[in-house]
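To start, the structure itself, in structure tokens.
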Amino acid sequence: MDEVILLDGGMGQELIHRSKFKPHPMWSAKILLEEPDLVEQIHYEYILAGAKVITLNNYSCTPERLERDGSPEMFENLQKKAIEVARRARDRAMNSPEIKIAGCLPPLYASYKPSEAPNLEECIRSYERIAEVQVEDVDILICETMSSVKELIAAGQVASKSGKTTWVSGSVSDQDGSLLRSGENLSDGVRELSKLNIDAVLLNCAFPESITVGLKLLEALNLPFGAYPNRFKSIDKLDVGGTVDVLEAREDLDEETFAAIASDWVKNGAKIVGGCCEIGPKYINTLCNVLQGNGYKIVSEIK
């Protein structure tokens, strides 16, 4: 029986839909302190939906974002809280030994805005700081939503030296899946990743249609590959320091359509699939059912 790793879906948009607080730049991080039970519940719902990997809710807890928004002293506390909450969700699950917790190395300043990232050396130092506080408590390090070759190199280099399973995920243009959001060729990023000791390469937080194009370029690495798309109509309205509540969800990408696209990726060789922003637990559960119905075994690691 062929095996496939099923990831969770998006956290931030689920929090927006459910939280009693109004979004602000530090909102998804502070929810770890203000509504930790809500974060735990969403993690748990993804596990119930069939996900075997859940990712820490630490996406906005980078040193750069915390400095920009006036809370640099919260860095370590927020990282540790994200770990604690994810562990609680995993421990609630009947199949808890099967569930892997993934740490996250995200864009340092803003999603989809690679021009805002510091130089390569500064990126590496920040990613080392993030990885250091996570590495002992996670099973996987995911470098996600990397929108430029520089981001891919910096985060991938740090994660690949951590001793943990390392996945590096790029974010491609919604207009052309052969390009990173920086405008650079995805193939150039793939070439740089081939120099690193990583375990899988993915694409995330982009239109599934663009990801389908980009996935064909990932095969050149001869590594496990996969994807987890978003369900946004457009990311153009999101500014640096802004909140994703300004973005709209697509109405033409329902659970069944998402599952059909992702299962086609699996048929064409993808080993890791899941969802990103606006892909909630119902989407993951539908994908889980489709994959199992097609004879795949859902696992947390490819042996």
Exercise. Failed condition for ALA249, given (1) open to solvent by less than 70 Å² (accessible area, probe 1.4 Å); (2) on the phi > 0 side of the Ramachandran plot; (3) at pLDDT below 95, with all others met?
Worked result: (2)
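Residue-wise test of (1) charged (D, E, K, R); (2) free of Cβ contacts under 8 Å to residues at least 60 places away in the same chain; (3) buried (at least 18 other Cβ atoms within 10 Å of the Cβ).
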| site | (1), (2), (3) |
| --- | --- |
| LEU33 | no, yes, no |
| ILE47 | no, yes, yes |
| PRO63 | no, no, no |
| LEU66 | no, yes, yes |
| GLY70 | no, yes, no |
Seminar exercise, completed: Conditions (1) open to solvent by 40 Å² or more (accessible area, probe 1.4 Å); (2) under 28 Å from GLU121 (Cβ atoms); (3) modelled with pLDDT under 95 -> GLY183 fails only (3)
For this session: Give the number of residues within segment 94-121 that are touching a strand residue (DSSP E or B) at 6+ places or on another chain (Cβ under 7 Å) and among the small types (Gly, Ala, Ser).
Result: 3
For this session: Looking only at segment 202-216, decide whether some residue is on the phi > 0 side of the Ramachandran plot, modelled with pLDDT of 95 or more, buried (at least 24 other Cβ atoms within 10 Å of the Cβ) and not aliphatic (A, V, I, L, M).
Result: yes
For this session: Please state which one of GLY214, GLY226, GLY189 is in contact with a Leu (Cβ under 6 Å, 6 or more places away or on another chain) and closer than 22 Å to VAL53 by Cα.
Result: GLY226
For this session: Please tell me if ILE42 is part of a helix (DSSP H, G or I), β-branched (Val, Ile, Thr), within 20 Å of PHE232 (Cβ to Cβ) and open to solvent by less than 30 Å² (accessible area, probe 1.4 Å).
Result: yes
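The values are calculated or read from the model by the stated rules, or taken from the named source; none is laboratory data. On a predicted model such as this, the values are computed, not experimentally measured, just so you know. Positions of Cβ are generated from backbone atoms using ideal geometry, with glycine treated the same way; all protein chains shown enter the neighbour counts. Heavy atoms of the whole protein, side chains included, go into the accessibility calculation; ligands, DNA and RNA do not. Shrake-Rupley method; radii C 1.70, N 1.55, O 1.52, S 1.80 Å.
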